[in-house]
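Input: one structure, supplied below.
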Amino acid sequence: MWLSKRLEDFFEKNGAGDLYYIISAAINSNDERYKKNYIEILSLASEGYGIFSSEGTSYSLNNDWDYPDQFNEVYCFIGYVETSSLSFDKYIEFISYMSDVYMDHHKNDVDQILYLISKIRERFKPFCSY
């Protein structure tokens with residue numbers, strides 16, 4: 001499986017453990033309401049939406065909020081509690097790293113992943129410092 005302890009450790013050591021937990025929980029969910037594959041997660045992100053991996057456990061992007069233009073960070077919630085947040089620069093860095101690992105294991109999806117990452121970068125460009 002492409003989701004590995006090494007990938008989890010990278011996220012943990014760099015302050016994005018909650019993001020990894022939420023994404024991996026959605027991918028591994030047994031509940032069809034929350035189960036997502038990685039391409040679905042990126043597709044939603046490219047449209048400005050985060051994901052729920054279970055009731056009360058999610059990360060949110062700008063279109064998840066009432067005033068998307070005032071949104072300035074990616075917020076992670078575990079058990080309905082905001083547990084961490086990431087700048088958009090960091091979110092894109094982590095999601096890009098995760099995508100690189102995914103593409104190493106899913107060669108047939110490379111073009112689609114690169115396209116979605118490009119859309120994510122473009123969507124959140126106004127929120128980034130680069």
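The values are calculated or read from the model by the stated rules, or taken from the named source; none is laboratory data. Everything quoted here is computed from the prediction, not taken from an experiment. Glycine also receives a Cβ, built like all others from the backbone with ideal geometry; neighbour counts cover every protein chain displayed.
Enumerate the pairs (first residue in region 68-86 and closer than 14 Å to Ser53 by Cα; second residue anywhere and assigned to a loop (DSSP other than H, G, I, E, B) and modelled with pLDDT under 95) with beta-carbon separation below 6 Å, excluding pairs fewer than 6 apart on the same chain, so at least 6 apart or on different chains.
Once the first residue is closer than 14 Å to Ser53 by Cα and sits in region 68-86, its partners that are assigned to a loop (DSSP other than H, G, I, E, B) and modelled with pLDDT under 95 give Gly79/Gly56; Tyr80/Gly56.
Which strands (runs of 3 or more DSSP E) sit wholly inside region 1-87 and have at least 3 residues that are farther than 25 Å from Gln112 by Cα?
Output list reads 74-78, 81-86.
Can you tell me which residues in region 6-23 are out of contact with any helix residue (DSSP H, G or I) (no Cβ under 9 Å at 6 or more places or on another chain) and crowded, with 19+ Cβ neighbours inside 10 Å?
Ile22
Still on this structure, I have one more. Kindly provide the set of residues from region 60-84 that are of a type in the set (Ser, Thr, Tyr) and either over 15 Å from the mean Cα position of the chain (by Cα) or over 19 Å from Pro126 (Cβ atoms) (or both), ordered by number.
Listed by number, the residues that qualify are Tyr67, Tyr80, Thr83, Ser84.
I've got another one for you. What are the residues in region 61-99 that are within 18 Å of Ser43 (Cβ to Cβ) and among the acidic types (Asp, Glu), if any?
Asp64
Also, quick follow-up: Since Asn108 meets every condition but one in (1) farther than 23 Å from Phe10 by Cα; (2) in a loop (DSSP other than H, G, I, E, B), which condition does it not meet?
It is condition (2) that Asn108 fails.
Here is a check on your reading of the model: is Ala26 within 18 Å of Leu3 (Cβ to Cβ), in contact (Cβ under 8 Å) with a residue 60 or more places away in the chain and either crowded, with 17+ Cβ neighbours inside 10 Å or β-branched (Val, Ile, Thr) (or both)?
no
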